[in-house]
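Take a look at the structure set out below.
The values are calculated or read from the model by the stated rules, or taken from the named source; none is laboratory data. Every value quoted in this text rests on a predicted model; they were computed, and no experiment measured them. Please note: Cβ atoms are built from the backbone with ideal geometry, for glycine as well, and neighbour counts cover all protein chains shown. Note: accessible area is taken over every heavy atom of the protein model, side chains too, but ligands, DNA and RNA are not part of it. Shrake-Rupley method; radii C 1.70, N 1.55, O 1.52, S 1.80 Å.
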Amino acid sequence: MSILDWSVLLGTILFITVYGIWRTRGAQNIEGFLKGNNREKWWTIGLSVMATQASAITFLSTPGQAYEDGMRFLQFYFGLPIAMVIICISFVPIFYRLKVYTAYEFLESRFDLKTRILAALLFLIQRGLAAGITIYAPSIILSTILGWNINLTNVVLGVLVILYTVSGGTRAVSITQKQQMAVMMGGMIMAGIIVVNLLPPYVSFPDAIQVAGEMGKLNLINFSFDWNDRYNVWSGITGGLFLFMSYFGTDQSQVARYLSGKSMGEIRLGLLFNGLLKIPMQFIILFIGVMVFVFYQFVQPPVYFNKLEKEKVYETAYAERMVKLEQTHHAIYKQKTKHIKALVKGIQSEDAGAIVNAKTNLNGFNKQEKEVRNQVKDLIKEVNPKAETRDTDYVFITFVMQHMPVGMIGLLLAVIFCASMSSTASELNALASTSLIDLYKRSVKEGGSDKHYLNMSKFFTVVWGCLAILFATLASQLDNLIQAVNILGSIFYGTILGIFVVAFYFKYIKANAVFWAAVVAETLVIFIYIRTEIGFLWLNPIGCLLVIFFGYLFQFLRSAKQ
Amino acid sequence: MQENEQEDIDKPLFFKSWKGMYWLVIGALLFQIILFYAITRYFA
């Protein structure tokens, strides 16, 4: 990497860290540390909510997903705007009027202490593990591509976040997230403009869109229903709705973002701002991935994007087979070139016959290309059975490192760092506030001084930060952990949401009934996950509905007995 | 729906009530789904 790239990268992340510490310096109390003294305006809340959700994987993995699978992933977000409206109507007024610090605090006033602690513990387990992955996921990719030491990357990322989160609490998290969002979106839009400019001079932007469409990458909507398909309109609206209601309504890392709002109106506007902009933001990121795909129609892509795994094969007796596969891949690409040019020519001359002809040929070559890529993956598996053969996470970063101009590489790496830091900061802040408010202050030491609780909040932030770094370090020894933690989230989210839905809408169901309903529902969700092939997104509505069903049943049986 | 005096202070942007804002968000979602469907159909 050039000095300019290093300067842009280090300058951006150090500036944001120092600015966060500087802006929130001075004396604080627990109210200020955990809720930012309720002074945030709606645009800060909206950006903070978006920055918390956008992790580094969003920027590394999403363009790669579009490269491989087109834009259909966008449907995953269709439930989000509806979830925002429901949360604004039902969740926000209650949280705001009760002046709670955490979402789980409300459960004690509605049910009892054990239900509050159950929900808080489910959150701490799930989010504690996820915080480690939020750090680990970009580190593994950056270390693979750039050759950085993965443990050092984990520690640098984690320590920077701990510094400003401990220093300024919720306010520091919100303030830094505004700049981080500016870097993220600015960087990605610039990347999109540069990708289009890197296309051959005879390919205009409309031509590029047409090429993407003709090659099946603008597959935004699918109305056909399939339980096992994660990305169609129905799974996005229903499964996504439950997932996002759980995430934004009951996950403290998001709830804390809007509890810092100046008023209920500011909170609602902030959430609706997210509801309006999230889908366009994801559209832009996916579209950049599609443009990278179009770019690689005119420039030969690597046969496999994770170069470290590929290089491992070259160090073994299988090297010759890899050389042959690379040669075959190159030959296919050479043959493809004239057909892609024919396709562009057909598009420009509006010659339907030429387009169909070129498309048929290209589809044939793309199929051959895919077969070669699969053979490469099989070879990698033969050399290292534990290797992760899904290389879509490496597509965008490989493109950035090989084709972006000097300066932009640093900026786009800053985008990835900013995304990781913003999510991790929210997670550490939420883990600390839940540990303090729902466990320590409620069950260990009641009636302590404000200063004591402030110091304990900072202590918990450091402890969770160190645990996240430790878990990120250990994560490198495990397989498919990123997916495992996503599944873990879906396993727990439905039950937590069910408890909150019962609390808001089912006054008939009381504390003991909901507690045991949650325990039974959680057990059944785990059973369903283990014993069936159902897509994990569906576990969210299933868990929620099971809590409601068993809550009703247990309450009915209890009432009948009495 | 319980609405208190806070509601009077916190008026939404552009609309007289929050319902208008909620319909804006849902309307934007529907518009996007229709737009994306048109794009998908055009290139199908």
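How do the helices (runs of 4 or more DSSP H) wholly within the stretch A:352-434 filter down when requiring 3 or more residues that are within 21 Å of the chain's Cα centre (by Cα), of a type outside the set (A, V, I, L, M, F, W, C) and crowded, with 23+ Cβ neighbours inside 10 Å: which remain?
The helices (runs of 4 or more DSSP H) meeting that bar are A:408-434.
In the set (1) open to solvent by 20 Å² or more (accessible area, probe 1.4 Å); (2) away from chain B (no Cβ under 14 Å); (3) modelled with pLDDT of 90 or more, residue A:249 fails one condition alone, (1).
When you look at residue A:35, is it assigned by TED's automatic domain parsing to the domain that holds residue A:453 and open to solvent by 40 Å² or more (accessible area, probe 1.4 Å), yes or no? Write out each step before concluding.
Numbers: assigned by TED's automatic domain parsing to the domain that holds residue A:453: yes; open to solvent by 40 Å² or more (accessible area, probe 1.4 Å): no.
Judged against the criteria, residue A:35 is not a match.
With the condition kept exactly as written, say whether any residue in the stretch A:206-217 is closer than 29 Å to residue A:487 by Cβ and buried (at least 17 other Cβ atoms within 10 Å of the Cβ).
Filtering the stretch A:206-217 down to residues closer than 29 Å to residue A:487 by Cβ leaves A:216-217.
This time we only want the ones that are buried (at least 17 other Cβ atoms within 10 Å of the Cβ), so: A:217.
Yes; the residues of the stretch A:206-217 include at least one that is closer than 29 Å to residue A:487 by Cβ and buried (at least 17 other Cβ atoms within 10 Å of the Cβ).
Could you grab me the full set of residues in the stretch A:253-269 that are part of a helix (DSSP H, G or I) and either over 18 Å from residue A:422 (Cα atoms) or within 16 Å of the chain's Cα centre (by Cα) (or both)? Quick ask: steps written out before the conclusion?
Initially, the stretch A:253-269 is screened for residues part of a helix (DSSP H, G or I), giving A:253-259, A:264-269.
A:253, A:254, A:264, A:265, A:266, A:267, A:268, A:269 - these are the residues of the stretch A:253-269 that are part of a helix (DSSP H, G or I) and either over 18 Å from residue A:422 (Cα atoms) or within 16 Å of the chain's Cα centre (by Cα) (or both).
Specify which of the listed residues (A:163, A:241) is more than 20 Å from the chain's Cα centre (by Cα), more than 27 Å from residue A:336 (Cβ to Cβ) and not polar (S, T, N, Q). Step by step, each of A:163, A:241 is checked, and only A:163 is more than 20 Å from the chain's Cα centre (by Cα), more than 27 Å from residue A:336 (Cβ to Cβ) and not polar (S, T, N, Q). Exactly one residue out of A:237, A:221 is at negative phi and part of a helix (DSSP H, G or I): that is A:237. Scan the stretch B:7-32 for residues that are open to solvent by less than 60 Å² (accessible area, probe 1.4 Å) and facing chain A (nearest Cβ under 7 Å) and the total you get is 10.
Please work out which residue is least open to solvent (accessible area, probe 1.4 Å), limiting yourself to the stretch A:435-477 and to residues that are small (Gly, Ala, Ser) and free of Cβ contacts under 8 Å to residues at least 12 places away in the same chain. It comes out as A:448.
Here is a yes/no grid of residues against (1) within 10 Å of another protein chain (Cβ to nearest Cβ); (2) on the phi > 0 side of the Ramachandran plot:
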{"position": "A:58", "(1), (2)": "no, no"}
{"position": "A:61", "(1), (2)": "no, no"}
{"position": "A:70", "(1), (2)": "yes, yes"}
{"position": "A:73", "(1), (2)": "no, no"}
{"position": "A:81", "(1), (2)": "yes, no"}
{"position": "A:86", "(1), (2)": "yes, no"}
{"position": "A:89", "(1), (2)": "yes, no"}
{"position": "A:92", "(1), (2)": "no, no"}
{"position": "A:96", "(1), (2)": "yes, no"}
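Residues of the stretch A:171-205 that are open to solvent by 70 Å² or more (accessible area, probe 1.4 Å) and either assigned by TED's automatic domain parsing to the domain that holds residue A:342 or of a type outside the set (Lys, Arg) (or both): A:189, A:190, A:193, A:197, A:201, A:202, A:205. Take the residues in the stretch A:517-562 that are open to solvent by less than 40 Å² (accessible area, probe 1.4 Å) and farther than 21 Å from residue A:122 by Cα; name whichever of them is modelled with the highest pLDDT. Looking at residues that are open to solvent by less than 40 Å² (accessible area, probe 1.4 Å) and farther than 21 Å from residue A:122 by Cα, I get A:555.
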